[in-house]
Amino acid sequence: MRTGIFGGTFSPIHNGHIKAAKSFLAEMELDLLYVIPDRIPPHKQISGKDDPFLRLEMVKKAFAGEEKIVVSDTELKREGKSYTVETLPEFMGEGELFMLIGTDMFLTFDKWYRFEDIFKMCTLVLAVREGDASTVRAEIDEKKKLYVEKYGAKVEELASEPFPISSTELRAKIAAGEDCGAYMPRDIIDFIEEKGLYR
Ligand code: ATP
């Protein structure tokens, strides 16, 4: 059994996440993919108004009807910061683990809490983000080499084209009242409007 893990803040989830998740499932021939919104991201600042349960609801909408994708609330059930090294053991009984990660996170992965233990538990699967292909290719390859040679990491990379958008850009667009139909599913845009998020 091949099991995928895709964690993130998803504030809000967007087509970049959705496309990467679906490519991950197909390219790595996963049997099941767990998408796991964090409660408190260890690596970034989030708004004081953040509601992780609303983020979870958006992620569930984004993957509704996807048979092989399960949205997990396991990090929301834990108090405090959501450390990946504490999440992965919950899935260790489900076969070989693969974890999807964007280039931005990959470059600083050796700053993550107990990253060496994470390397032992899963294969990292890299989704290259916009612009990264040309500007930071050398940096990515250097990090990949370091992680593999020094720490024995297993690293693979998705072949599919990146979808260029970030949650940060979307929060700004929503606050400015712009239509985000090109970047996220319509039912999530409606949900954000209904709940008055990111205003
Ligand atoms: P923010 O702009 O708030 O930092 P984000 O758009 O980077 O958010 P996260 O929730 O932090 O979204 O991302 C979760 C995971 O998805 C990370 O591994 C990140 O690198 C990856 N990711 C985010 N956007 C994309 C994208 N457009 N293409 C591929 N991977 C992405």
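If I filter segment 97-114 down to residues being outside any helix (DSSP H, G or I) and exposed (fewer than 14 other Cβ atoms within 10 Å of the Cβ), which single residue comes out as nearest to the ligand (Cβ to nearest atom)?
108
Quick one: residue 47 ticks every box in (1) part of a loop (DSSP other than H, G, I, E, B); (2) within 15 Å of the chain's Cα centre (by Cα); (3) among the small types (Gly, Ala, Ser) except a single one, so which number is it?
It fails just one condition, (2).
Out of curiosity, is residue 93 away from the ligand (no atom under 15 Å from the Cβ), modelled with pLDDT under 95, on the phi < 0 side of the Ramachandran plot and not hydrophobic (A, V, I, L, M, F, W, C)?
Considered against the rule, which asks whether it is away from the ligand (no atom under 15 Å from the Cβ), modelled with pLDDT under 95, on the phi < 0 side of the Ramachandran plot and not hydrophobic (A, V, I, L, M, F, W, C), residue 93 comes out as yes.
In this structure, does residue 36 turn out to be out of contact with any Cys (no Cβ under 6 Å at 6 or more places or on another chain) and over 24 Å from residue 161 (Cβ atoms)?
yes
Residue-wise test of (1) surrounded by 13 or more Cβ atoms within 10 Å (Cβ to Cβ); (2) modelled with pLDDT of 95 or more; (3) within 15 Å of the ligand (Cβ to nearest atom).
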| residue | (1), (2), (3) |
| --- | --- |
| 125 | yes, yes, yes |
| 149 | no, yes, no |
| 154 | yes, yes, no |
| 169 | yes, yes, yes |
| 174 | yes, yes, yes |
| 180 | yes, yes, yes |
| 185 | yes, yes, yes |
| 188 | yes, yes, yes |
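Out of all the residues in segment 154-168, is one or more in a helix (DSSP H, G or I) and in contact (Cβ under 8 Å) with a residue 60 or more places away in the chain?
Yes, the conditions are met somewhere in segment 154-168.
The values are calculated or read from the model by the stated rules, or taken from the named source; none is laboratory data. On a predicted model such as this, the values are computed, not experimentally measured, just so you know. Ideal geometry is used to build each Cβ from the backbone, glycine not excepted, and the neighbour counts take in all protein chains shown.
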